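Encoded as structure tokens, the structure appears first; notes follow it.
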Amino acid sequence: MTFITRSLFILFALSLSACSSMYYSGLESIGIPKRELMVHRVEKARDTQEETKEQFKSALAQFTAVTNFDGGDLESIYNKLNDEYEDSVSQAESVRKRIDDIEDVSEALFEEWEEEITQYSSASLKRNSQGQLNDTKRQYKQLIRAMEQAENKLDPVLSVFKDQVLYLKHNLNARAISSLKEELSGIESNVSILIDSMEKSINEANTFISSMENK
């Protein structure tokens, strides 16, 4: 199979339902096992979290800039702020999708691994494989826990963003700017907590990827 054909197959496969056994079988038929796909999805989730972290930083910077408003077109200011909010919502959805994808392939991988362990005739090889599976599961649980903890920090920040964007939309005047100033410290705190949690999750992803590549 040529590189182009293989690439086209991968793109086609990625458009299929990730929970389909046919999907995983199709990838394995061209030499992409579940283990490799799992690592790839962790990498994508890590990259998406990096992008999300930067997006929320950008949104915070825009909220901060609004508090320094000193005359001009408030509607234009609102549009910029709303764009940042919408982009943040989109990134949050991407994070959730990436986590779901990891959970789906990991379930398939672990189920297959458990079944294949029963096929060993060598007791020592069976023990060794079971030990590797247990270790991988433990690392995986740490990874998912970190990712979900970061994911759980998204909605509280988005909720505050949405409130301020709506208030600015309904009150394009100095009162809305004053309200945002009063809330800014709380927004900064929430974003800081989110970014810290994202960074921990990203580090956990890097550790998991490294461990899988060394096994």
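Rule-based calculations on the coordinates, nothing more; no lab input. These numbers come from a predicted model, not from an experiment. Neighbour counts run over all protein chains shown; Cβ positions are idealised from the backbone, glycine included.
Which of the pairs LYS53/LYS97; LYS97/LYS162; LYS97/LYS200; LYS53/LYS169; LYS44/LYS126 have their Cα atoms more than 27 Å apart in this structure?
LYS44/LYS126
Computed from these coordinates, which is semi-axes √(5λ) of the Cα gyration tensor in Å: (i) 45, 19, 12; (ii) 28, 17, 16; (iii) 30, 23, 17?
(i)
Once the Cβ-Cβ distance between GLU182 and GLN149 is put in as r, and R0 is 35 Å, what FRET efficiency do you end up with, to the nearest 0.05?
Computed FRET efficiency for GLU182 and GLN149 comes out at 0.75.
Pick out which of ASP73, ASP196, ASP104 has the largest mean-square fluctuation in a Gaussian network model of the chain, springs linking Cα atoms closer than 10 Å.
ASP73
If I model a spin label as a point 7 Å beyond the Cα along the Cα-Cβ vector, how far apart are those points for ILE117 and ARG138 in nm?
1.3 nm
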